[in-house]
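Reviewing the structure listed below.
Just so it is clear, none of the values below were taken in a lab; they were calculated from the coordinates. Worth saying up front: this structure is predicted, and the values here are computed from it rather than measured. Virtual Cβ from ideal backbone geometry, glycine too; neighbours counted across all protein chains shown.
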Amino acid sequence: MLTIPGARSRFCDGMSRRSWLQIGGLALGGMALPDILRAEAESGSPAGRAKGIIMVVLPGGPSHLDMYDLKPDAPSEIRGEFQPIATKVPGIDICELMPSLAARTDKLTLIRSLNGFRNDHNTHWCTTGWESHPPMPASPIIAGYPPGGWPSMGSILSKSLGQRALGVPAAIDLVPVDPDARFIMRTAPTQGGYLGAAHAGFEVKAVDRRNITLNDVSLSRLSDRRTLLGSFDRFRREVDRGEFTDGIDEFHRRAFEVLTSSRLADALDLSREDQDGRNRYGLDGSYPNEREGKTMLDQFLLARRVIEAGARCVTLAFSRWPFGRMLQGDYNWDWHKDNFTEARGALPLFDLGMSALIDDLSERGLLDDIAVVAWGEFGRTPKINANAGRDHWPNVAGALLAGGGMKCGQVIGSTNRLGEEPLDRPVHFRDVFASLYHRMGVDVSTTQFADLAGRPQYLVADHRPMPELVG
């Protein structure tokens, strides 16, 4: 990776093609035309458009029946242990374990009829809008994966709109990069796909944050090192002309922007947040082990700080337990057993983190500008199994949306009596992607990008923005 930790450091450890590609993997990119960047810096987003998206991924598959679509009149083997509670919006009820969100439903849209999934643990569709993905161990081979792969939403926004603030990549990935985390999610949540590594997300957990800014390295020395790097770059161009290396100049330019600006580093430094702000997100004495990752509530606060600093798309993965640490054989939201015990631990934390994020954005005057979406890769079986758990259920799932100038205070869609299938207003997940792109000013009916075979690809195929969300 590219670091400048001190006077004796080098820009790159080795000059292999793999090393060059690692720069792109950290997404010190987000390529855009200079005039787009200047216009964005001077005037911000065009009037009426959203400025950013916070994507909250719940890996493992959260239970729609125990969060947003409880069935109190169903048989006991379906309805489970939780009761629905009334919310701020008459006629809408959600799980009793989420009272803070219940008090804020006027700022939320709940989707109860989300569909289009496969029975496959892969959050790829949550971040790209496409269910097909590269073959992975223990995952089925799925047709329709384009050469180069599908780009994430953050990568699309990077390509379409460029950076919103100098020194802050358009797409930011807060998800842990350890092998357990990546196995759970299967694919990189902010991958560049066929748009190339220059548009992949900046993986915060992959870099030492101390190296994001220059430490006692003068700009004159930086210029000398930049000249040296340029000579290596010319050599690399002569010996290696691979499909992704055309973006190297852009990687370098963005890298220097990040290094010479403290904007991103400051946003990632939670010590700069006052204690009242930290307390709002539960980062206080109530959760003394937070810094060991037991609640991961800091991800919500980091997302707010980074989106406020100028990112266009911030992706986080939330769960009660650290990635890789299993509780009685299950992890994250994949509760094949002890579903209700797990939910009693996870849902109050999700309730706290999401409600704090919504309040924080609202009080800062950002909620109309920033869209928030929370979802997982599928729902859970209506019937409770012999281990008091719920198994995979790709037939239907739920989602929560807020902000971004979208219509809120509503429920979209419904399921049948037992929560097995969409009943009213089925919503394909690409309909949600189309709506989010629309709010960001990207026209999904006309926007196309070529994959690595030169074939033009639409962003969401024949899906269009939802009138219930965007008018």
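Data for the structure
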quantity: Counting all C-alpha pairs of segment 378-427, share separated by more than 18 Å (%); calculated: 42 percent
quantity: Inter-label distance for residue 344 and residue 461, nm, one decimal - labels placed 7 Å from Cα along Cα-to-Cβ; calculated: 4.3 nm
quantity: Integer Hz, Karplus 6.51/-1.76/1.60 couplings in order for segment 198-206, x for Gly and Pro; calculated: 4, 10, 6, x, 6, 7, 4, 6, 8
quantity: For residue 104, distant residues with modelled amide H under 5 Å away; calculated: 88
quantity: Segment 351-471: mean projected area of Cα convex hull, nm²; calculated: 10.5 nm²
quantity: Whole-Hz ³J(HN,Hα) from phi, Karplus 6.51 cos²θ - 1.76 cosθ + 1.60, for segment 297-302, glycine and proline x; calculated: 5, 4, 5, 5, 5, 4
quantity: Residue-wise HN-Hα coupling along segment 112-119, computed from phi with Karplus coefficients 6.51, -1.76, 1.60 (Hz; x: Gly, Pro); calculated: 9, 10, 5, 8, x, 7, 10, 7
quantity: Segment 49-136 - Kirkwood radius from inverse mean 1/r over Cα pairs (Å); calculated: 15.3 Å
quantity: Between segment 295-315 and segment 432-471, the alpha-carbon center distance in angstrom; calculated: 24 Å
quantity: Rh by Kirkwood over Cα pairs, then Stokes-Einstein D for segment 341-422 at 1.567 mPa s and 4 °C, µm²/s; calculated: 87 µm²/s
